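Asks: Pasting in a structure now, in C-alpha cells, and then I'll have a few things to ask.
The values are calculated or read from the model by the stated rules, or taken from the named source; none is laboratory data. The structure presented is a predicted model; accordingly, all values stated were derived computationally and were not measured. With ideal geometry, Cβ positions are generated from the backbone for all residues, glycine too; neighbour counts draw on all protein chains shown. Only protein heavy atoms, including side chains, enter the accessible area calculation; ligands, DNA and RNA are left aside. Shrake-Rupley method; radii C 1.70, N 1.55, O 1.52, S 1.80 Å.
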Amino acid sequence: MTSATQQAPMLSMYDTSYDVKRIRADFPILQETVRGKPLVYLDNAATAQKPNAVIDCISHFYRHDYANVHRGIHTLSERATAAYEGARAKVQRFINAASEKEIVFVRGTTEAINLVVRTYGQAVLKAGDEILITAMEHHSNIVPWQMLCRETGAVLKVAPINRKGELLLGDFEKLLSNRTALVAVAHMSNALGTINPVDEIIHLAHARAIPILLDGAQAIPHMPVDVQALDCDFYAFSGHKLYGPSGIGVLYAKSEHLEAMPPYQGGGDMIRRVTFEETEYNTVPFKFEAGTPNIADAVALGATVDYLNEIGMKAIAAHEHQLLQYATERAHEIAGLTLIGTAEHKGAILSFVLDRVHPHDIGTVLDHFGIAIRAGHHCAMPVMDFFGVPATARASFAMYNTFEEIDRLMEGIEQVIEVFG
Ligand code: 7TS
C-alpha cells in the first residue's frame, strides 16, 4: 500500500487556493457519517448533493410564495409566476441563450431528449433518413431515437470510438450524409468521462445544414456552457446533476426550432384558445409546458445557478481538473487497476475495473468505508460491450470533493484488493 509520506510530495504539486472547505460547509449532507465514517461522496455523475442555498430556497418558496403560475391574478400567484419566470431568465443567462423563450422547463435530460424526439424528430423524420449518435451515448440518447426509427423507418447510425474512449472524428464525418436528419451527441460521457470535441462536431454538422442536439447532462456541472458560442440547436440537461433539485431540467432550443415544432403534450397552459373544433397554441416556451409545472424546483434551479455563479464555473472546472489529474496518477500506482476511459480531454470521472474483483464488490466494500461510488453499466451498456466488461466502478468528482477524499478512495481500493485479490 502507498504510504501517506509517499503521497505528500505529489499532493503539494497541486494548487489548493480554491476554498473547498467553505464550499463543503454549504452542503449539509457532506457532514453525514456512513457506517461510522465521514461520508466521501463520489457518485456525483449519478446525482450531485444540494447546497443550503437550494434547500432553503425550496423551503422559503413553499412557506411564503407558493401558488400556481400563469393563472391567478392574486398576489401569491403573481409572486410565484415572477419567481418561476425569474428562474427561466437565470438559466438563460447561465447558458447564454439568446432569449428566455429558448428555455423549456422539463423533468430532466431524459424528458428533454424525448421532447425533441417526439416533436422535432417526429415532424421531420422520413423513412430512410438517418439519426447520427456516438458509441458512448447514455441510453436516454439511444433508446428514444431507436423507438422513433422503428416507427418511421429511419435509421440510427453510430459513430465509433477508440480504446481510449474518444470519438473517431474522421469516421463521424464520413457518416454525415444528405440523409442525416439530426446529430445527437453527449457533450461529456457519463461512463468514460470523455469530453467530446463539440465545436468541431457542430461545425461538421452545420456545414451540411444538419441540426445538432447536445446531451449536456454530464457537461453542465463541470464547465461553463455557452449555447450561442457552441451554436448547437438543442442542449439538454438535468437540474439534479448541477447541484439543483431532482425533477427539473432544461431543454434549450433555438427559437426557430421551437416556433416550428409541434407541441409535446396537450393540456392547460400550452394553449391560447380552445374549442371542441380546434386549439390555438400558446407562444414558446409555454407551448411545450403543458399542465402545472414543477414550480418550486424550477425556482430552486434559479437559486442553484445564482450559487454556482458566485463560485464560478471556471474555478469549479479548474478544481475538478486537478482532482481528476491527482486521482488518475494515484490510480496508475495501483497494480491490477485498469482505467476505462482515458481520453485526452476528460471531465472528472474515473471509471475503472480491478483484476479478479467484480465492480459491485468494489462498491460494496467501499461503502463499508463510507465511500459512495457507482458500480454498474451506467446506463451505457454499448460502452461496456465495447470495452468487454460487464460493468465498471465509477468515482465521479464534484466541486466539493478534496484530495484527501481521493486518498481515502485509493486506500479503500487497496483494501478491496487485499480482501479479494
Ligand atoms: N445523459 C447522460 C450523459 C447522463 O449521464 C444521464 C444520467 C442522462 C442523460 C439522463 O439524465 P436524467 O437526469 O434524465 O436521468 N446519468 C446517470 C449516471 O451516470 N448515473 O445515474 C444517472
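Asks: Give me a count of the residues in the range 391-415 that are assigned to a loop (DSSP other than H, G, I, E, B) and either among the hydrophobic types (A, V, I, L, M, F, W, C) or open to solvent by less than 10 Å² (accessible area, probe 1.4 Å) (or both). Walk me through how you get there before you give the answer.
Replies: Keep residues of the range 391-415 that are assigned to a loop (DSSP other than H, G, I, E, B), which gives 391, 397-402.
Filter once more, keeping what is either among the hydrophobic types (A, V, I, L, M, F, W, C) or open to solvent by less than 10 Å² (accessible area, probe 1.4 Å) (or both): 391, 397-401.
Matching residues across the range 391-415 total 6.
Asks: Consider only pairs whose beta carbons are under 6 Å apart and that are at least six residues apart or on different chains; among these, list those whose first residue lies in the range 177-198 and is more than 11 Å from the ligand (Cβ to nearest atom) and whose second residue is open to solvent by less than 10 Å² (accessible area, probe 1.4 Å) and small (Gly, Ala, Ser).
Replies: 183/205; 195/347
Asks: Further question: When only residues in the range 206-219 that are without any contact (Cβ under 8 Å) to a residue 40 or more places away in the chain and under 22 Å from residue 139 (Cα atoms) count, which is nearest to the ligand (Cβ to nearest atom)?
Replies: 214
Asks: Can residue 137 be described as in contact (Cβ under 8 Å) with a residue 60 or more places away in the chain, away from the ligand (no atom under 16 Å from the Cβ) and either outside the structural domain of residue 193 (by TED's automatic domain parsing) or buried (at least 21 other Cβ atoms within 10 Å of the Cβ) (or both)?
Replies: In short, no.
Asks: Within the range 250-258, identify whether any single residue is part of a loop (DSSP other than H, G, I, E, B) and away from the ligand (no atom under 16 Å from the Cβ), and answer yes or no.
Replies: Restricting attention to the range 250-258, the residues satisfying the condition of being part of a loop (DSSP other than H, G, I, E, B) are 254.
Remaining after also requiring away from the ligand (no atom under 16 Å from the Cβ): 254.
So far as the range 250-258 goes, yes, one or more of its residues are part of a loop (DSSP other than H, G, I, E, B) and away from the ligand (no atom under 16 Å from the Cβ).
Asks: Can you tell me which residue among 103, 73, 131 is outside the structural domain of residue 396 (by TED's automatic domain parsing), of a type in the set (Val, Ile, Thr), out of contact with any Asp or Glu (no Cβ under 9 Å at 6 or more places or on another chain) and at pLDDT below 95?
Replies: Among 103, 73, 131, only 73 is outside the structural domain of residue 396 (by TED's automatic domain parsing), of a type in the set (Val, Ile, Thr), out of contact with any Asp or Glu (no Cβ under 9 Å at 6 or more places or on another chain) and at pLDDT below 95.
Asks: State whether one or more residues within the range 181-190 are closer than 23 Å to residue 385 by Cα, of a type in the set (A, V, I, L, M, F, W, C), surrounded by fewer than 24 Cβ atoms within 10 Å (Cβ to Cβ) and not assigned by TED's automatic domain parsing to the domain that holds residue 316. Give the derivation first.
Replies: First pass over the range 181-190, keeping only residues closer than 23 Å to residue 385 by Cα: 183-190.
With the extra rule that they be of a type in the set (A, V, I, L, M, F, W, C), the set shrinks to 183-186, 188.
Filter again for surrounded by fewer than 24 Cβ atoms within 10 Å (Cβ to Cβ), leaving none.
Looking for residues that are closer than 23 Å to residue 385 by Cα, of a type in the set (A, V, I, L, M, F, W, C), surrounded by fewer than 24 Cβ atoms within 10 Å (Cβ to Cβ) and not assigned by TED's automatic domain parsing to the domain that holds residue 316, one finds none in the range 181-190, hence no.
Asks: Restricting attention to the range 323-371, which residues are on the phi > 0 side of the Ramachandran plot and either in contact with a helix residue (DSSP H, G or I) (Cβ under 7 Å, 6 or more places away or on another chain) or without any contact (Cβ under 8 Å) to a residue 40 or more places away in the chain (or both)? Let's see the steps before the verdict.
Replies: First, pick out the residues of the range 323-371 that are on the phi > 0 side of the Ramachandran plot: 336, 341, 356, 370.
Within the range 323-371, 336, 356 meet the criteria.
Asks: Would you mind telling me which numbered condition in (1) in the same structural domain as residue 81 (by TED's automatic domain parsing); (2) surrounded by fewer than 20 Cβ atoms within 10 Å (Cβ to Cβ); (3) of a type outside the set (S, T, N, Q); (4) in contact with a helix residue (DSSP H, G or I) (Cβ under 6 Å, 6 or more places away or on another chain) residue 379 fails?
Replies: Of the numbered conditions (1) in the same structural domain as residue 81 (by TED's automatic domain parsing); (2) surrounded by fewer than 20 Cβ atoms within 10 Å (Cβ to Cβ); (3) of a type outside the set (S, T, N, Q); (4) in contact with a helix residue (DSSP H, G or I) (Cβ under 6 Å, 6 or more places away or on another chain), the odd one out for residue 379 is (1).
Asks: Next question. Find the residue count for the range 265-281, including only residues that are surrounded by 14 or more Cβ atoms within 10 Å (Cβ to Cβ) and more than 27 Å from residue 57 (Cβ to Cβ).
Replies: So the count comes out to 3.
Asks: Do you know which residues across the range 298-329 are of a type outside the set (Ser, Thr, Tyr), open to solvent by 10 Å² or more (accessible area, probe 1.4 Å) and over 16 Å from residue 244 (Cα atoms)?
Replies: Pass one, the range 298-329, residues of a type outside the set (Ser, Thr, Tyr): 298-303, 305-306, 308-325, 327, 329.
If we keep only those that are open to solvent by 10 Å² or more (accessible area, probe 1.4 Å) as well, we get 299, 303, 306, 309-315, 317-319, 321-322, 324-325, 329.
314, 315, 317, 318, 319, 321, 322, 324, 325, 329, listed by residue number.
Asks: What are the residue pairs meeting all of these: first residue in the range 26-49, first residue of a type in the set (Gly, Ala, Ser), second residue more than 16 Å from the ligand (Cβ to nearest atom) and open to solvent by less than 40 Å² (accessible area, probe 1.4 Å), Cβ atoms under 8 Å, and 6 or more apart or on different chains?
Replies: 36/370
Here's the yes/no breakdown for (1) more than 16 Å from the ligand (Cβ to nearest atom); (2) in a strand (DSSP E or B):
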| position | (1), (2) |
| --- | --- |
| 334 | yes, no |
| 342 | yes, no |
| 352 | no, yes |
| 389 | no, no |
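Yes/no per residue for (1) at pLDDT below 95; (2) open to solvent by 40 Å² or more (accessible area, probe 1.4 Å):
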position	(1), (2)
6	yes, yes
14	yes, no
32	no, yes
68	no, yes
97	no, no
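Asks: Would you confirm whether any residue within the range 163-175 is open to solvent by 10 Å² or more (accessible area, probe 1.4 Å), more than 12 Å from the chain's Cα centre (by Cα) and within 15 Å of the ligand (Cβ to nearest atom)?
Replies: Yes.
Asks: For the range 238-249, state whether one or more residues are open to solvent by less than 10 Å² (accessible area, probe 1.4 Å) and part of a strand (DSSP E or B).
Replies: yes
Asks: Which residues, taken from the range 141-153, are surrounded by fewer than 23 Cβ atoms within 10 Å (Cβ to Cβ) and assigned to a helix (DSSP H, G or I)? Give the steps one after another, and end with the answer.
Replies: Here is the first cut: in the range 141-153, the ones surrounded by fewer than 23 Cβ atoms within 10 Å (Cβ to Cβ) are 142-144, 146-153.
Scanning the range 141-153 gives 143, 144, 146, 147, 148, 149, 150, 151, 152.
Asks: Can you work out which of the residues in the range 106-130 that are more than 16 Å from the ligand (Cβ to nearest atom) and β-branched (Val, Ile, Thr) is surrounded by the fewest Cβ atoms within 10 Å (Cβ to Cβ)?
Replies: This residue is 124.
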